[in-house]
Amino acid sequence: MTASDLLSEARAALAGAPQEGLGEERSSRWRGRRIVRVGSAWHLGVLLLTDTRVLATAEVLRAADPGRRGYTAESARARAARREEALRGGFAEGEVVHVGWSVVDVSAVDAGGSSGPLAVVDAVVSVHWSSAGGYMPLATYLRERVELLQTPGR
């Protein structure tokens, strides 16, 4: 099966499953820095699946008020600022937002190449599921991830 076929099957299986927000950074003199909604996708680990595209995940955050400002670590302050940018951009408090994602060229993978975390390895469409892990068959990966999203109470 091609990557396109596997991803189409996953989309069909995910109909009605919850999606998460896709955001893009914007900045203006009047509104300042914010993260605005540009769509939604099913979050399948290293992949984000929309109705028409496949994206590679990057930064994942929850929109939130930054709360108190007494952070001891600069990294904590930066994460709080990012959460606030999502809130200011129109995401609801606590909503999951994906930012910095990139488009995966599925046609390149179907042609035997690679794009983002997807590649053809030993004639099998595969996914590089973590920076420390290797490749695994995309069919197996999608089956596991779709099952997780379909689990009630997730």
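Basic side chains Lys and Arg get +1 at the Cβ, acidic Asp and Glu get -1 at the Cβ, and with that the dipole of the range 1-106 about its Cα centre reaches some 720 debye.
For the chain, what does the relative contact order come out to in percent, with C-alpha contacts under 8 Å and a separation of six or more? Walk me through the numbers before you get to the answer.
Details: 274 pairs, mean separation 38.3, N = 154.
It rounds to 25 percent for the chain.
For the range 39-83, the equivalent ellipsoid derived from the Cα gyration tensor has semi-axes of 30, 11, 6 Å, listed largest first.
For the range 36-46, the Karplus equation 6.51 cos²θ - 1.76 cosθ + 1.60, evaluated at θ = phi - 60°, returns couplings of 9, 6, 10, x, 8, 7, 7, 8, 10, x, 7 Hz by residue, with Gly and Pro reported as x.
Annotation: amide H-H contacts under 5 Å for VAL121 (H modelled 1.01 Å from N, sequence separation of 5 or more, or interchain): SER126. Computed with every protein chain present, the accessible area of ARG62 is close to 130 Å² [probe 1.4 Å]. The HN-Hα couplings worked out from phi for the range 81-93 by the Karplus form 6.51 cos²θ - 1.76 cosθ + 1.60 (θ = phi - 60°) are 5, 5, 4, 5, 4, 5, 4, 5, x, x, 7, 6, 3 Hz, whole numbers, x standing for Gly and Pro. Helix 138-150 and the long axis of the chain differ in direction by around 50°, with both axes built from C-alpha atoms.
Based on the reciprocal of the average 1/r between different C-alpha atoms, the Kirkwood radius for the chain equals 16.8 Å. Between ALA92 and VAL121, the FRET efficiency from the beta-carbon distance, with R0 = 35 Å, is close to 0.30.
Find the accessible area per residue for the chain; the probe is 1.4 Å, ligands and nucleic acids are left out, and the unit is Å². Provide the component values of the computation, followed by the final result.
Numbers: 8530 Å² over 154 residues.
Per residue, the chain has an accessible area of 55 Å².
The values are calculated or read from the model by the stated rules, or taken from the named source; none is laboratory data. Just so you know, these numbers come straight off a predicted model, no measurement behind them. Because the Cβ atoms are built from the backbone with ideal geometry, glycine has one as well, and the counts that use them run over all protein chains shown. To get the accessible areas, we keep the full protein, side chains included, count just its heavy atoms, and leave off ligands, DNA and RNA. Shrake-Rupley method; radii C 1.70, N 1.55, O 1.52, S 1.80 Å.
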